[in-house]
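Undergrad: One structure follows; several queries about it will come next.
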Amino acid sequence: MNTIQTLLLAVFVLSSIPIASIALYSQPQIAKKLGTIGILLGCLMGLWSVWQGINETGIQSLTYSWQHILILSVSMDNLSAFFLLTIFLITGAAAVYGFHYLNEREKGLRTLINQALLGILASAMSLVVVAHDMVTFLLAWELMSISSCFLVVYDYEQKATRHAAYIYFIFTQAGALFIFAAFGWLHGLTGSFSLSASAPVPESTKLLIFFLAFAGLASKAGIFPLHIWLPHAHPAAPSHVSAIMSGVMIKMGIYGILRLYLTIAPDSLAIGRTVLILGMVSGILGVIYAMGQNNIKRLLAYSSIENIGIILIGIGIGMIGMSSGNPIMAVCGFTGGLMHVLNHAIFKSLLFMAAGSVAHGTGTLAIERLGGLMKQMRITGLASLIGAVAICGLPPLNGFVSEFFIYNAAFQSRQISNMDFLLTILGAISLAVIGGLAVACFTKATGIVFLGEPRTSEARHAHEAPLSMRYAMQFLATMCIAIGILPTVFAKPALKSAISMVTTMTHQPTTLLQTQAIMDLTTRISWGSVLFLLVCAALWWLRVILYRHKPISRTCTWGCGYTKASPRIQYTGSSFAASILEFFRPFAPIHEECQEPVGVFPTKARYHSSILDIAETLAVQRIAMPVVRAMRSLRWIQHGSLQIYISYIVLAIAALLVVTWLWR
């Protein structure tokens, strides 16, 4: 059995066993165990096929034909293998996490259906990244979109959940229409459904086709300003589903952009410049909007936009290096972008799972109602802390590795034109700004939620997550540390994919000396991480020695000298972020509701602030509401009379015939 056959068998197991387990819905625990085992088995088989694909040379492919009408073909190269690694790794962890997370007896059948949809989603994403023709890609893309939409609407009794699923469905289907249009145009010019048959297409047309498809792929990836669905869908979905959607599914948009770039191969700097600019805008605005959120999962959803921006900065720099004839810059940029695809999948999934554990243990996701959870939820708190350090790009964890590659790619831009050099340096500066804002954002999230004193009864009576949820978080936290300490091992698949992309585009193999120079970077990161950990261990040991014989007293956290401190004197999340948000107010308007105290002895006062997403505000005010008003003005067309409706059809057919006759 070759690599691609092993992969297809893994996809079959991944989806079929959870679906079959629904038949045992009368025994939900047995059925759930069977479904979880099926997903884990499929993920392990998928990881084995990825291991085979990474170590093999050449492209493995397989074609299926039904009556010579429907032809489906799949293939695996280095780029596909890298994204498959992310899919199977996170799906396996999410399946384990979901075993105890969805554990309500009255929702037994719904839980089994959710588990089956999870397997279908993972299978669909796997088929997206191995699709070798337009038909296979679009079928898998639609299956991915529809299954994820049903996963979002798990708690369909809640109006906010239904609204979130509705917005997501609109965006995902509108994005699919753009991809359909681009593929249709490409097929019309080449006469082939193959994704590699674009050689005879003129360069200007290639550029237009790329940007047409880019609009649909950007919507799935959550690139600003097409991100509006993302902060609605992620908080509504179960936490392990949010982990897959944010950690993996939105990366299918990134994969589509890279695959289309390789397929069409447009020789234009405009693509790299556009991707880099969108990356800078998405990264900075994403983290600003994240900082202004009071709901943990909405904060993490906007943070996903920020990290998609970081990935785009790396890919954009790589594209500019490709078009400028600088292969080292291209390889470093693509490697950094791809490494951040994997790293973000790990630490963002970890953070969503930690948020789910907080909701499970307290019953709320409101940051202002929490506090002091590190005492009762130590494992969740430590996992969240590791994820927060990783997402801020700080050593010695995995987020630092990918951002280091992107910085290095930007520093390789000395030999390119002045405009592109300036744009690339702006990308590096934007990455630094994003990192600084991310530190402030997750200092707020971690500090307000896990440190200090409990603000409400929910926080005071919090309890730790069940066993399977803790195991999944511990696994992902370990991965964050392992990649940070041993980046050489995990950077090889990303580097191999990046070198393959550059070689395919330039038809010039990267020399062994250049490859070794890039790998030396990871060795230096590894030694630096080890040295950092040794220094931390030495400081901890010194602290233990110095405090060995000293009495240690316990009192309330952040007492500030008060003899009877109250949790209300602590910083809130809004006050912590207020000064930073005020600086960015032109790009992130703040909506304030204030009821001021009145009289000598005021009885009531209230203040509430929320940050406005300018893209969503403009979309609602400038697009959605005018369309709604226009549709309302046409309600007179609906009479309820069948005869009038038939006359509409006749008139439409007659108009089409007239237009066709005039056109000919």
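The values are calculated or read from the model by the stated rules, or taken from the named source; none is laboratory data. If you're wondering where the values come from, they're calculated on a predicted model, not measured in any experiment. In this analysis, Cβ positions are derived from the backbone assuming ideal geometry, glycine residues included, and neighbour counts consider all displayed protein chains.
Undergrad: Would you be able to say whether some residue in the stretch 194-201 is at pLDDT 90 or above and either small (G, A, S) or closer than 22 Å to Q173 by Cβ (or both)?
TA: Checking the stretch 194-201: not a single residue is at pLDDT 90 or above and either small (G, A, S) or closer than 22 Å to Q173 by Cβ (or both).
Undergrad: I've got another one for you. Test of understanding: among L195, L189, L207, L217, which residue is free of Cβ contacts under 8 Å to residues at least 60 places away in the same chain and more than 30 Å from S303 (Cβ to Cβ)?
TA: Matching residue, one of L195, L189, L207, L217: L189.
Undergrad: Also, I was wondering about something else. Going by the conditions given, is S145 over 30 Å from H240 (Cα atoms) and either of a type in the set (G, A, S) or without any contact (Cβ under 8 Å) to a residue 24 or more places away in the chain (or both)?
TA: Taking the combined requirement at face value, the residue does not satisfy it.
Undergrad: Kindly provide the set of residues from the stretch 322-368 that are in a helix (DSSP H, G or I), closer than 30 Å to T424 by Cβ, in contact (Cβ under 8 Å) with a residue 60 or more places away in the chain and not hydrophobic (A, V, I, L, M, F, W, C), ordered by number.
TA: P327, G333, T335, G336, G337, H340, N343, H344, K348
Undergrad: Being at negative phi, within 26 Å of the chain's Cα centre (by Cα) and modelled with pLDDT under 85: is that true of K492 here?
TA: Spelling it out, K492 is indeed at negative phi, within 26 Å of the chain's Cα centre (by Cα) and modelled with pLDDT under 85.
Undergrad: A follow-up question, please. Mind checking which pairs have a first residue in the stretch 528-551 that is closer than 21 Å to F404 by Cα and a second that is surrounded by 10 or more Cβ atoms within 10 Å (Cβ to Cβ) and small (G, A, S), Cβ under 7 Å, 6 or more apart or different chains?
TA: S529/G484
Undergrad: Scan the stretch 314-333 and tell me whether some residue there is under 25 Å from W141 (Cβ atoms) and surrounded by fewer than 23 Cβ atoms within 10 Å (Cβ to Cβ).
TA: no
Undergrad: Among all residue pairs at least 6 apart or on different chains, which show Cβ distances below 7 Å where the first residue, located in the stretch 447-465, is over 13 Å from V358 (Cα atoms) and the second is at pLDDT 90 or above and in a loop (DSSP other than H, G, I, E, B)?
TA: Every condition considered, no pair remains.
Undergrad: Do you know which residues across the stretch 27-57 are over 16 Å from K496 (Cβ atoms) and touching a Lys or Arg at 6+ places or on another chain (Cβ under 8 Å)?
TA: Once the filter is applied, which keeps residues that are over 16 Å from K496 (Cβ atoms) and touching a Lys or Arg at 6+ places or on another chain (Cβ under 8 Å), the stretch 27-57 yields only P28.
Undergrad: Please pick out the residue among V128, V74, V96 that is among the β-branched types (V, I, T) and more than 30 Å from A355 (Cβ to Cβ).
TA: Among V128, V74, V96, only V74 is among the β-branched types (V, I, T) and more than 30 Å from A355 (Cβ to Cβ).
Undergrad: Also: Would you be able to tell me the number of residues in the stretch 230-247 that are outside any helix (DSSP H, G or I) and at pLDDT 90 or above?
TA: Here the count works out to 1.
Undergrad: Same structure, new question: Name the residue that is farthest from Q570 (Cα to Cα), counting only residues in the stretch 369-402 that are basic (K, R) and in contact (Cβ under 8 Å) with a residue 60 or more places away in the chain.
TA: By that ranking, first place goes to R378.
Undergrad: Collect the residues in the stretch 403-442 that are in contact (Cβ under 8 Å) with a residue 40 or more places away in the chain and polar (S, T, N, Q), keeping them in residue-number order.
TA: Residues satisfying the conditions are N408, Q412, S413, Q415, S417, T424, S430.
Undergrad: Let me ask something else about it. How about the stretch 13-43: which of its residues are among the hydrophobic types (A, V, I, L, M, F, W, C) and over 16 Å from I120 (Cα atoms)?
TA: Once the filter is applied, which keeps residues that are among the hydrophobic types (A, V, I, L, M, F, W, C) and over 16 Å from I120 (Cα atoms), the stretch 13-43 yields A23, L24, I30, A31.
Undergrad: Between a first residue in the stretch 160-185 that is closer than 21 Å to A237 by Cα and a second residue that is surrounded by fewer than 19 Cβ atoms within 10 Å (Cβ to Cβ) and among the hydroxyl-bearing types (S, T, Y), which pairs have beta carbons less than 9 Å apart while being 6 or more apart in sequence or on different chains?
TA: Between residues of the stretch 160-185 that are closer than 21 Å to A237 by Cα and residues that are surrounded by fewer than 19 Cβ atoms within 10 Å (Cβ to Cβ) and among the hydroxyl-bearing types (S, T, Y), the close pairs are R162/Y156; A165/Y156.
Undergrad: For residues that are surrounded by fewer than 20 Cβ atoms within 10 Å (Cβ to Cβ) and of a type in the set (G, A, S), scanning just the stretch 441-468, find the one that is nearest to V281 (Cα to Cα).
TA: The qualifying residue nearest to V281 (Cα to Cα) is G447.
Undergrad: Give the residues of the stretch 266-280 that are surrounded by fewer than 19 Cβ atoms within 10 Å (Cβ to Cβ) and in a loop (DSSP other than H, G, I, E, B), sorted by residue number.
TA: Within the stretch 266-280, D267, S268 meet the criteria.
Undergrad: Hey, another quick one. Can you tell me which residue is surrounded by the fewest Cβ atoms within 10 Å (Cβ to Cβ) among those in the stretch 159-204 that are in contact with a Ser or Thr (Cβ under 7 Å, 6 or more places away or on another chain), assigned to a loop (DSSP other than H, G, I, E, B) and aliphatic (A, V, I, L, M)?
TA: A197
Undergrad: Going by what's in this entry, would S384 be described as closer than 28 Å to R524 by Cβ, assigned to a helix (DSSP H, G or I) and either among the hydroxyl-bearing types (S, T, Y) or in contact with a Gly (Cβ under 9 Å, 6 or more places away or on another chain) (or both)?
TA: Answer is no for this residue.
Undergrad: Quick one: in the stretch 288-302, of everything that is in contact with a Phe, Trp or Tyr (Cβ under 8 Å, 6 or more places away or on another chain) and in a helix (DSSP H, G or I), which residue is farthest from A233 (Cα to Cα)?
TA: Looking at the filtered set, the residue picked out is I288.
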